[in-house]
Structures are given as structure tokens and as C-alpha cells.
Amino acid sequence: MSSATQAANSALGAAPAAGSAVFAQDLSKAYRMYDKPIHRLYDLILPGKKRYREFWAVRNVYLDIARGTTVGIIGENGAGKSSLLKLLTGITQPTTGSMRVQGRIASLLELGAGFHPEFSGRDNIRLNCSVLGMSDAEITERFPKIVEFSELGDFIDRPVKSYSSGMYVRLGFSVAASVDPDILIIDEALSVGDEHFRGKCINRINEFRESGKTIIFVSHDMGAVKSMCQWVVLMDKGEVLEQGTAEKVADAYLKRAKARGNERMSALNRGTSAYPRWGSGEIEVTDVDMLDGAGNPAHAFSTGEPFTVRLRWKAHQDTRQPVFGLGLYRSDGTYVNGSNHHWREQPIALRDVRAGEQGEVEMSADALQLLQGQYYLTTFVYDHAKAAPTAIDHREHVHTFEVLDPRHFQHGMLFLNSRWSVRRRGGAQESSEESRA
Amino acid sequence: MELIHSLSRNRRLLGDFVVRDLRARYVGSSMGFFWSVVYPFLNLVIYMFVFGLMLGVRFGDQVPKEQVALWMLAGITVWAAFGETVSRSTNCLVENQNLIQKVVFPSEILPAFLCVSSLINMLIGTLIVLLGVGAFMYFPNMLGMAETSERPLSLGLSLLSLPLLWAAQALFTLGLGYLFSALNLFMRDVYHLVGVFVTIWMFATPIFYPPELFLDPLHKDRMEFAWILSVNPMHWLISCYREVLIFGAWPDWFALGKFVLVGALLFYLSSRFFMAQKPSFPDLL
């Protein structure tokens, strides 16, 4: 079947540069959207009139992928990554443009596509192999390896319907990984399975890479793409926005992601009144803004960037000793940081606020030490004149924001300004400092 | 032709699919093989009851009961294979959309494997009919009814023409299968329409009643529908099967010729249509 793809592709006849594994020019794919399904049939019988709207999933894509490179395709959901992959594998036909693929392609668009639930793992391996275009001899030769790789044990003889989803994926990947393609296409297939198996998958992919095969890898995780790929293609709305080395594209991606993040977060923030708010109400926090280094309101930040949170308040009644505070939480509810202007080495005391008074409170940091993820803010106004501070205006989840980490060196939630040193006995010491300020 | 080339290129995959389907038939349920035997009999009993006893359809006074039963059974097995393939083919692309959308897959093997699988399954029914004919040939008194028939049961050299009949049946069945499976992607209602269509067609084919029913001069109202027989290819095919399986005679070559002609034309046109639409299948699913 891959040979069929090859034949079909070479028939399109573009002129590839020497040594390129995939060459595409002006590649576009339009899907026809019909208002009513019956119109599709009319179109078939009575051509001429246009009864559909076109949706361009892929538009004017130029790709020249050299043999032996690992290429990452990134973009947000709906950017056309998967549609592009389908074109490259030959599953769908381009509407316009031409492409040429040299070598046998195997795609991991979906693991275990076409497994039959009633049959045992063994039977499904056979069938899946022949669906993927392996010959009898190849199947016989690779069969034991596939069974071993899948680590299914006795389950290999049980019907696939009794498998857990992890086992299903394992079996699917084992089959797909045994295909020996010149070009391997992976569509985020690796985000499933347990740590151990994921490690095996990555090893297998590294083997492919080391043996000089071409790999095309789709993801929306910039970090994964950066660590694996030499060449990155950034897609948006079906078009290639930018392609080049990982460093170059990462910047463009970050810029876009920030703009998009700002848009998305501000939409999210418009509808946050659903979260709890309580307190005696003498002072009201009217506005909460997050500002970037330049003082502009923002909803998306990079790790290491300066940022400021600004609260505007208004007093409705006299209050003796109000204290403003802020809580930072990760989207899963983990409490990351909490502080206020009173509990400090140099406390700011705010006393005897009169009814009708207004003002602002700001908390700022030179470098945001959060790593990639979504976070939210909670604001507190508490009365510290009482023995135990009581709530005046406590607002949960007032502001959601996103943090993007362009460098993706450290993992987890917090960036540490850390120092590493490596010594070899009898050798020189090498050390590395890293900070983000 | 492109389609035939592709089928022969992918014959191993086709074989795997046929094996898978046959095994699903016999493995999935605890009595898989048993059902393949029982179904035709069950149908036979039901239809003999409904048509023979309730509606009083006459097969002529000279025809013994066991001959009527075998005659019906021959028709039922052929129709079962045909009807099953046509209705399953109609939905086969939708059912296997996983394959069509996620791997480069020769979708033309789907109707073909269904057809081959049901023909192989039909062999069981055919064997039962032949065993029945053999039994009544050598032990005519088995049921204690020593009736003489104007056309006795017989088996003969004409059995050699069975492969020809199978091939003809496959051609015609595939013709419809390719047409409906492709159309079904344009409009999913086709699947339901085909279900109704196959049922109507079954009753319009002399399977449970003799074709002479339409030719009875006492019933003018029925004679008006005699044209159904002359435009129904499945009637031609089934009567050929009956000649061979029950009466040991050679098929009516004229009827078979007509059937092959219609089948070949249908197959040619619909496989062209199927292959022309095939590149857009992943988009239509």
C-alpha cells in the first residue's frame, strides 16, 4: 500500500531537491461543507452549480524535508497539522498543489486502527500487519519481536475487547513500530501509555532517527518538539507561518501563543463571577489587573518576565486596619504562593480608612518564576484589627493567566535560579549558572 | 481494470479479511457454525408454514413435500448470501472508517471480502441441499410418502457448473455492493433504503412460491405481475441453481447468459463509479 502511495505521489511530478524525502509545493486541501447532506448527492448527479462552502484545512504549504531529519509540526488545535499529515501519508488527496514522497511511509496516526475486538492480540497483529502493507515473510519474521515489544504476556491470546486502553495502545504501537519505513509519521500517538512504555516508544523513535530515517512529528507541545526536532514547521489556520530551526520557530510560536493566550484568557476572565466571594464588605476590591513589564494589561506571561498585579479598591465604611493580600494558584488548585503587604520585614501599615476613600495596591516581581501552565489569582482583604483576621472582601479565582516557557529547560511548576557543577575525579570542574532575571 | 488489479494485488489482505469474517461468524457466538446450519432450516420452516399452510400456496399436486422443502431451501441459501452481502456492503465503508481515515487502505476490498465470505458460508447451505437430494434419491420412502413426481430429484454432472454460478452471483452481488457502498457515503439513508429494497426484492423473487403462481390463468390479477419475473435477475439465477442442485439438470443457459450480462454491466459501471469516488472517501466519512 505504501508502494501505491509512492506511485500516486510520483505521478504528481513536482521537482524535488536532491536528497529530500518529502517535497510539497502549494499543497492545499479543501473540504466541502454542505448545508444538507442531500446536496452532496445533487452535486454528484448534476454538476455545475456550487452547493457547498469550502473549508481550507491546508493552504499553500511548501515543504522540503531532507532525508534523515526529524521534523516537528506544531500549531494550535485546528491549525491543520493532522490534515497535512493525512496528505503526506496519501490517505487524502490534495485539492491543489503537488507533492512527492520518496520511500515507504508508515504513519502512527491512530494506533490499533482496525483492531477487531473479538479476536486475540495475536490475530490482530497479523491483520494489522497486513493492513500496514507487510508481506507474509515480513510478518513471520517480525511477529515474535512484536509480541515481545508489546509486553502483553498471556493477554496476547485473549480477545482485544478485554484489553485496557493502555494495553490496546501498546499493541498498536508495537505493530506500527515494527514496520520498517523510510519515513515515520507520528501524530501525538505517544501521549498515551504508562511511563515505562512511553520510554520504550521514545527509544524506538531514537533508533529510527539514528538509523537515518526521516521522522515527521506532530505536537502542540513546543517542549517535546524542541527536544526532538532539528526543523520545526509552525502552522496556523492551515498555513505555514514559519519554518526553520527549532530556536527560530520557537520564538514565533511563543509570540503567537502569547497573543492567543491573551485572547483566550481575557475571554475566560470575563466570565469568572461564578467563583465564591465573601466578607463583611467594608472595603471592596473593584478591579484586578495583571500588567506586563511595560505596564500593559496582559493575560499571558513568559517565565522570567517582570509582572505586576494591581488591585483597585473602594471603602464603603470606616475600617481600622485593612490588609490586602494575594494568592497564586495553579489551575489544578495547588496553592503556589500567598503574600500581603503587612506580613513583611518592612510591613506597610494601612490605618483608619474612611468611608468613600479609594486607592490602589500593587504587588510586583522582577521575574516570574512560574513555569509553563495555567494559573489563577485570588485576592484577600482582611481586617487585622481583630484578634484573628476576618474577611472583608475575599474573592476566589478573580483572574486567570497563562505562563509560557520559551526555553523549556526546567520542568515542573517553579523555575529555580540554580547552579550545577560537575566534577570528574582528577579532571577539571565545570559549572553552570542559570538565572532568569 | 483498476479495481481488479487492486484486488489481485491485495489478495492476501483480502484473504485475511475473509478469514477474519468467517471466524467472526463461527467464533464470536458459542454456536457459530451451528447457526449457519440452523438459520436456513428455521427460515424454511417459517416460510413453509406461512406460504404453504397459511396462504395455501400450491406447488401442484404432483410435487411431493420433501421436494418443495429442498426447492425452497435452495432458494433461501442463495438469497441469504446475496441479501446479506448487499446490505452489509452498503455499510462497509462506514463501519471501517477507522481504516479508511487512518491508514492508506484499499477500500475496494471491503465489499469483495464480504461477498467471498458469504459465498463460502453459502456452501454450508448448498451442501445441506445436496445431502437432502441424495437422501431422498436413494431412500424415497424415508418419510413414508412414496409419491411420484413428474420431475424426480436428481444429481448429476451438471454440478460442475456450480463454480460458474458462483462467479456469476459474485459479479452481480459485487456490482450492487460497490454501487451502494459508495452511494451510502453521499447519503447515509441509502443503508436504510437498501434494507427495505432487499426485503421487497426477496418477496418479488419466487423463493417461497413457485414462479408458475404468476402464470395461473385462473388468477388474472396475479398474471398482471408476471413481468416481475422477466425483469428479476435473481429469479434467473435462483432457477439456474435449482436446476443444478435439485434436478441434476444443466442450468438454463439463456437465463444464465442474461444474468451474466446484466451482472457484468452492473459490475463494470459501479466499480468505475466506486473507483472514481474513492479518493474522496476519507473526506466523506
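Summary of computed values
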read-out: Per-residue HN-Hα couplings for segment A:282-299 [Karplus 6.51, -1.76, 1.60; θ = phi - 60°; Hz; x = Gly/Pro]; value: 5, 10, 10, 8, 8, 9, 10, 10, 10, 10, 8, x, 8, x, 9, x, 8, 10
read-out: Quarter of Cα convex hull surface for segment B:85-240, i.e. mean projection, nm²; value: 12.6
read-out: Rounded to 10°, Cα long-axis angle of helix B:11-27 versus longest principal axis of chain B; value: 50
read-out: Computed Kirkwood radius, in angstrom, where 1/r is averaged over Cα pairs of segment B:74-139; value: 13.6
read-out: Under-5 Å amide H pairs with A:HIS394, H placed in peptide plane, nonlocal only; value: A:TRP278, A:GLY279, A:VAL381
read-out: Antiparallel DSSP beta bridges within segment A:278-404, percent to nearest 5; value: 95
read-out: B:GLU224/A:THR140 FRET efficiency (R0 56 Å; Cβ-Cβ; nearest 0.05); value: 0.35
read-out: Sequence-distant aspartates and glutamates (8 or more away, or on other chains) whose Cα lies within less than 20 Å of B:LYS220; value: B:GLU212
read-out: Within chain A, longest stretch free of exposed trypsin sites (Lys or Arg not before Pro) [DSSP loop, at most 11 other beta carbons within 10 Å]; value: A:51-343
read-out: Partners for A:LYS258 among aspartates and glutamates (Cα-Cα distance below 15 Å; same-chain residues under 8 apart left out); value: A:GLU76, A:ASP221, A:ASP236, A:ASP292, A:GLU305, A:GLU402, A:ASP405
read-out: Cα pair count fraction exceeding 29 Å, expressed as % - segment B:2-284; value: 37
read-out: Cα-centre dipole for chain B with unit charges at Cβ (Lys and Arg positive, Asp and Glu negative), debye to 20; value: 740
read-out: Largest-first ellipsoid semi-axes for segment A:278-404, taking √(5λ) over the Cα gyration tensor eigenvalues, angstrom; value: 26, 15, 13
read-out: Mean residue ellipticity (222 nm) of chain A, computed from DSSP H runs ≥ 4 via -39,500 (n - 2.57), nearest 500; value: -8500 deg cm²/dmol
read-out: Size of segment A:56-194 as Cα extents on the principal axes (Å, biggest first); value: 49, 33, 25
read-out: Alpha-carbon radius of gyration plus Dmax, which is the widest Cα pair, for chain A in Å; value: 28.3, 88
read-out: Exceeding the 18 Å Cα-Cα cut-off - candidates A:LYS81/B:LYS102; A:LYS213/A:LYS237; A:LYS86/A:LYS248; A:LYS29/A:LYS81; A:LYS81/A:LYS237; B:LYS258/B:LYS278; value: A:LYS213/A:LYS237; A:LYS86/A:LYS248; B:LYS258/B:LYS278
read-out: Helix B:253-277 vs. chain B, principal-axis angle (Cα, 0 to 90°, nearest 10); value: 20
read-out: DSSP bridge orientation in chain A - percent antiparallel, rounded to nearest 5; value: 80
read-out: Orientation-averaged projected area, Cα convex hull of segment B:59-111 (nm²); value: 4.6
read-out: Computed FRET value (nearest 0.05) for A:ARG419 with A:ARG256, which takes r as the C-beta separation and R₀ as 25 Å; value: 0.15
read-out: Anchor A:LYS386: lysines whose Cα lies under 26 Å away (excluding residues fewer than 8 positions away in-chain); value: A:LYS314
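Values in this text are rule-based calculations from the coordinates and carry no lab data. Worth saying up front: this structure is predicted, and the values here are computed from it rather than measured. Backbone-built Cβ (ideal geometry, glycine too); neighbour counts: all protein chains shown.
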